[in-house]
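Read-outs throughout are calculated quantities, based only on the coordinates presented, and are distinct from any laboratory measurement. All figures in this text were calculated on a predicted structure; none of them were measured in a lab. Please note: Cβ atoms are built from the backbone with ideal geometry, for glycine as well, and neighbour counts cover all protein chains shown.
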Amino acid sequence: MVASPRGLVGSIDEVVVDSAALRGNPLGDPASRPLWVYLPPGYHDDADRRYPVVYVIQGYTGQLAMWANRSPFRPTYLEAVDTLFAAGGTPPCIVAFVDAWTAYGGSQYVDSPGTGRYHTYLCDDVVGFVDAHYRTLADRR
C-alpha cells in the first residue's frame with residue numbers, strides 16, 4: 001500500500017497487471033505484477049479529457065515500493081510528482097509506476113532467454129493495461 005503522511009491532491013490507484021509475457025519466465029518470477037497509477041488533480045472531473053502517460057521505471061537495484069521511501073526533510077517521489085501537478089504549472093498527465101523486480105534482485109526491461117520477456121511486459125502488457133483502463137492519449141506522439 002502506498003503510504004503518504006499528507007493527502008495527495010491527485011490520487012493513486014494500486015492495481016495488478018496479469019502479464020502474458022512473464023508467464024513461465026525462466027526465473028519463476030510472478031506474472032501478476034503490482035502497478036501504481038497516479039491520476040493528476042482533476043482527472044475525475046472531466047470524463048471526456050484524455051491524458052498523456054509517463055512510465056516511471058526503477059534502476060537495476062530498485063523496486064516499486066521504493067518510490068514511496070522517505071528521506072529526512074524531503075518529499076517522497078510520489079509526493080514530488082503530486083506537488084508538480086498540484087501547483088498547476090505543469091500540464092497534467094498520468095504517471096504509471098512499473099514493477100519489474102526479478103529474482104536477481106533488480107529490475108529488468110529487456111527480453112532475454114535468461115530472465116524472461118520484460119521488454120514485452122512493459123511495452124505490451126503494462127502500456128496495454130493502462131490504455132485499456134484509463135483515459136490515455138494512446139499515441140506515442
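Could you compute how fast the chain diffuses translationally, taking Rh as the Kirkwood radius over C-alpha pairs and applying Stokes-Einstein at 4 °C with viscosity 1.567 mPa s? Give it in µm² per second.
On the way: Rh = 15.9 Å.
In µm²/s, the coefficient is 81.
What does the extension gain come out to for His119 and Val16, with contour length at 0.36 nm per residue minus their alpha carbon separation? Could the numbers behind the result be given before it?
Working: separation 103, 0.36 × 103 = 37.08 nm, distance 1.75 nm.
That works out to 35.3 nm of additional length.
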Completion exercise
Scalar couplings 3J(HN,Hα) for segment 93-109 by Karplus 6.51 cos²θ - 1.76 cosθ + 1.60 (θ = phi - 60°), nearest whole Hz, x for Gly and Pro, are 8, 8, 10, 9, 9, 9, 9, 9, 5, 10, 4, 7, x, x, 8, 10, 9
Fill in the blank from the handout: Stretched fully, the stretch from Tyr77 through Asp139 gains (0.36 nm per residue minus C-alpha distance, one decimal, in nm) 19.7 nm
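Please sort 44-52, 106-114 by packing, taking for each peptide the average over its residues of neighbouring beta carbons within 10 angstrom, highest first. All intermediate terms of the calculation are to be shown ahead of the outcome.
Details: 44-52: 10.4, 106-114: 14.6.
My ranking of the peptides, most packed first, is 106-114, 44-52.
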Handout entry: Cα centroid separation, segment 105-135 to segment 65-97 (Å)
Key = 23
Completion exercise
Between Trp101 and residues 5 or more places away or on another chain, the pairs with built amide H atoms under 5 Å apart involve Leu64
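Quick check for me: using +1 on Lys/Arg Cβ and -1 on Asp/Glu Cβ, what's the dipole size of segment 21-87 about its Cα centre, in debye to the nearest 20?
Working: 6 positive and 6 negative charges, 52 e Å.
Dipole of segment 21-87, to the nearest 20 debye: 240 debye.
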Exercise for the section: Starting from the Cα of Met66, move 7 Å in the Cα-to-Cβ direction to define the label point; list residues of segment 103-137 whose amide nitrogen is under 15 Å from there. Expected result: 103-109
Exercise for the section: Kindly work out what percent of the DSSP beta bridges joining two residues of segment 1-102 are antiparallel, to the nearest 5. Expected result: 75
